[in-house]
Amino acid sequence: DAHQINIPPRPFFRHTIAENKSRWVRNLKKLSTMHPEDKALALIGEQIQGDFRQAINTWTEPANAPYTVKKKGFDAPLRETMLMSRSINYEVDDES
C-alpha cells in the first residue's frame, strides 16, 4: 500500500529500566534500612514513576516524521496530549 505508515519503535520503557534498575535496587536497599517496608516501597515507587515520566518527557529519537510534526505543531515523540506520561503510576500492595 502506497500509504503505509511506519511508526518506528521508541523503547523508552526498556531503556529506562536498563538505565536505572541498579540504582533502584541500591536505593530500595538503603530506604529499607531507614523506613518501614511500605514507606520504602512507596518512596522507590515515586522514584521509578519519576524516571519513567522523565524518559517520556525527554525522548527524542527517532524524531517524528515531517507529517506528524506538521499535524502536532512540534517534534516531540511520545508527547502530544501527555496522557501516557500522566498515566504512569505505582501502587504498594500489602497483599502480595
Practice task
Compute, for LEU41, the solvent-accessible surface of its heavy atoms (probe 1.4 Å) with the complete set of protein chains present, and express it in square angstrom to the nearest 10.
Solution key: 60 Å²
Handout entry: Residues of type lysines that LYS29 reaches as a straight line, Cα spacing below 24 Å, ignoring anything fewer than 8 places off in the same chain
Key = LYS21, LYS39
Fill in the blank from the handout: Scalar couplings 3J(HN,Hα) for the stretch 35-41 by Karplus 6.51 cos²θ - 1.76 cosθ + 1.60 (θ = phi - 60°), nearest whole Hz, x for Gly and Pro, are 9, x, 3, 5, 5, 4, 5
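Given a 1.4 angstrom probe, what's the average accessible area per residue across the chain, in square angstrom?
Ligands and nucleic acids excluded, the figure is 77 Å² per residue.
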Exercise for the section: Provide TYR67, TYR90 ordered by accessible surface of protein heavy atoms (probe 1.4 Å), highest first. Expected result: TYR67, TYR90
Problem - Of all accessible heavy-atom area on the chain, the percent that carbon and sulfur account for (1.4 Å) - result: 54 percent
Handout entry: Largest to smallest accessible area among ASP93, ASP38, ASP51 [probe 1.4 Å]
Key = ASP38, ASP93, ASP51
Exercise for the section: Quote to one decimal, in nm, the extra length available between ILE17 and GLN4 on full extension: 0.36 nm per residue of separation minus the C-alpha distance between them. Expected result: 1.5 nm
Problem - Efficiency of FRET between ASN27 and THR68 - r from beta-carbon atoms, R0 30 angstrom, step 0.05 - result: 0.25
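For GLU37, GLU19, give me the order by solvent-accessible area with a 1.4 Å probe, most accessible first, ignoring ligands, DNA and RNA.
GLU37, GLU19
The values are calculated or read from the model by the stated rules, or taken from the named source; none is laboratory data. The shown structure was predicted, so the numbers you read here are calculated from the model rather than taken from an experiment. No Cβ is skipped: glycine too gets one built from the backbone with ideal geometry, and neighbour counts run over all protein chains shown. Protein only, heavy atoms only, side chains kept; ligands, DNA and RNA dropped before computing areas. Shrake-Rupley method; radii C 1.70, N 1.55, O 1.52, S 1.80 Å.
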